[in-house]
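Below you'll find the structure, written out as structure tokens, and then a few comments.
Nothing in this text is a laboratory measurement; each read-out follows from the coordinates by a stated rule. In this text the structure is predicted, and so the values were computed from the model without any measurement. A quick note on method: Cβ atoms are made from the backbone with ideal geometry, for glycine too, and the neighbour counts reach across all protein chains shown.
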Amino acid sequence: MKKYIQGETKEQRRARKARDKTTTKVVVEPASMPLVTDGIKRYVVCLKYGNKYSADYVNKLYNMVKRNLTLDHEFVCYTEDATGINPEVRIEPIPLMSGVQGWWYKPMFFNPNLGLKGVILFFDLDVVIFRNIDYLFTHEPNKFCVIRDFNRKFIRNYNKFNSSIFRLNTGMHSDVYTKFIKDPNGPIRRYHGDQDWLRAIVRDGEYVYWPDDWIESYKWEMRDRPKYDRQPRGQRDFETPGEPVVKDATSVAVFHGDPNPHNCKDQWVIDNWIN
């Protein structure tokens, strides 16, 4: 349909039509576009209790996850002291219980009323994440995933848990929490740590192990058990700095026992355990 403007001359109309043909229309996007996700609520969670690990460990874990996880998620730290923790980290209080310390707070992540509704991926603080970890959420969906304990290096078909990294859906294996909370001192007296309690409650067929190569022990598997220096336990480093063997499939190094990442002088650790 021809467009006429009252009072416009023939020459002006021709000029306007020429401008209309050469002008590119600009589509203005909304200032804030909604985040597109797959509808799954994901949480990366950690536990900081007491003074064994500083707030810097939480902040470094947060940054390592941020660099190496592309899936939409929320990072949550459970602690009784949030001093020095990055304000971008969501803080949730620990429900303090008499006689319960450190790793014995891990059963609370199996509380069906925890307040996090979705998929929960737990990390200990003494880890180094250096490659993409999206598959820790996508592997074997709707199953409880846990590390096959690192004694696997020395004992074939070793079938115990290491709880440094595990994943569950909210409410999964709730007996881990409900039986523990009835009498925390019972499991604490009977079992060496939370991962032994976890293995006692979660029955065969109710879990899957992460592939061993995805998550490795730094001192036993990646550094093949080098000698320690003469520092006291808890402050020890390897006698001589060295280079780890890093497999193509490995994304996370776990620092169980000594050395802790901040004590380790291996250049690889210094380069990867960064802000």
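Some notes on this structure:
- Straight Cα distances below 16 angstrom link Lys106 to the aspartates and glutamates Glu80, Glu92, Asp124, Asp126, Asp175, Asp183, Asp194, Asp196, with same-chain residues fewer than 8 positions distant left out.
- Between helix 10-22 and the chain: long-axis angle, C-alpha atoms, 0 to 90°, nearest 10: 20 degrees
- The simple spin-label model puts a point 7 Å past each Cα toward its Cβ; for Asp248 and Tyr135 those points are separated by 1.1 nm.
- Viscosity 1.002 mPa s, 20 °C: Kirkwood-radius Stokes-Einstein D of the stretch 42-214 over Cα pairs, µm²/s: 129 µm²/s
- Kirkwood hydrodynamic radius (C-alpha pairs) into Stokes-Einstein, the stretch 78-176, 25 °C and 0.890 mPa s, D in µm²/s: 158 µm²/s
- Inter-centroid distance (Cα atoms) of the stretch 148-219 relative to the stretch 39-90, Å: 21 Å
- Over 31 Å between alpha carbons, listed pairs Lys143/Lys179; Lys66/Lys182; Lys48/Lys227; Lys52/Lys117; Lys52/Lys179: Lys66/Lys182
- Nearest-ten-degree value, helix 55-68 long axis tilted from longest Cα axis of the chain: 50 degrees
- Per-residue ellipticity at 222 nm from helix content only, as computed over the chain with -39500 (n - 2.57) for each DSSP H run of at least four residues, stands at -6000 deg cm²/dmol.
- The residues Ile270, Ile94, Ile129, when put in order of fewest to most other Cβ atoms within 10 Å, stand as Ile270, Ile94, Ile129.
- By the beta-carbon count within 10 Å of each Cβ, the least crowded to most crowded order of Asp81, Asp194, Asp183, fewest first, is Asp183, Asp81, Asp194.
- Shape box of the stretch 122-275 [Cα atoms, principal axes, largest first, Å]: 46, 36, 35
- Using a Gaussian network model of the chain in which every pair of alpha carbons under 10 angstrom is joined by a spring, one finds that among Glu74, Glu216, Glu239 the greatest mean-square fluctuation is at Glu239.
- Order of Trp197, Trp214 - criterion: other Cβ atoms within 10 Å of each residue's Cβ, fewest first: Trp214, Trp197
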